[in-house]
1. What does the extension gain come out to for Glu108 and Arg34, with contour length at 0.36 nm per residue minus their alpha carbon separation?
2. Could you pull the Cα extents of segment 117-164 along its three principal axes, largest to smallest, in whole Å?
3. In whole angstrom, how far apart do the alpha carbon centroids of segment 117-157 and segment 1-36 sit?
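Derivation of every value follows stated rules applied to the coordinates shown; laboratory data play no part. For clarity, every value in this text was computed on a predicted model and none was experimentally measured.
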Amino acid sequence: MDIRETDLPGVGRKYRILTRSGDRLVVVIHDDGRRELYHFEYEDPEDSISMITLDDDEARSIAAIVGGMTYKPRMLESIEIALSDLIIEWFKLESRSPCVGVSIGDLEIRRRTGATVLAIVDRDHAKHITPGPDFVLTADSMLIAAGERENLKALKSILTGGEA
């Protein structure tokens with residue numbers, strides 16, 4: 001997910017959000033407490049599909065709902081118990097990422113991070129389940145990995161060029 005913030009002098013702050021699934025959302029928080037949410041068309045990111053305005057109380061209530069503070073799906077409860085500290089995370093491989101064009105083995109992901117690459121999903125939605133060390137990472141793919149928080153933090157560092 002990519003989030004960009006922009007100050008809007010005299011208005012408030014704008015957040016542009018590009019989700020992992022490709023959805024585009026803009027949230028404008030006004031200085032008077034109002035929130036405006038805009039959802040944009042995939043094909044035409046300049047054309048808003050929908051817009052909603054919320055007051056401060058409404059925004060906080062929806063944040064609690066979306067954030068899972070009011071209800072946690074039963075399936076997630078059982079997964080958290082079963083997996084304990086294991087986390088599964090999705091990483092978008094940006095075209096400018098230094099890992100693009102490099103194999104999983106050359107990056108020594110498992111040795112350097114302790115994380116396990118579960119799958120890679122290409123831009124065209126081709127799925128590569130448990131790719132081996134010879135698998136070469138490509139731009140705009142989604143890498144799905146499992147590990148504990150520190151393992152995934154180290155993996156993210158490698159994938160973005162921060163090294164681990």
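1. Stretched out fully, the Glu108 to Arg34 stretch lengthens by 21.8 nm.
2. Cα extents, longest axis first: 29, 19, 18 Å.
3. Centre-to-centre distance over Cα atoms comes out at 29 Å.
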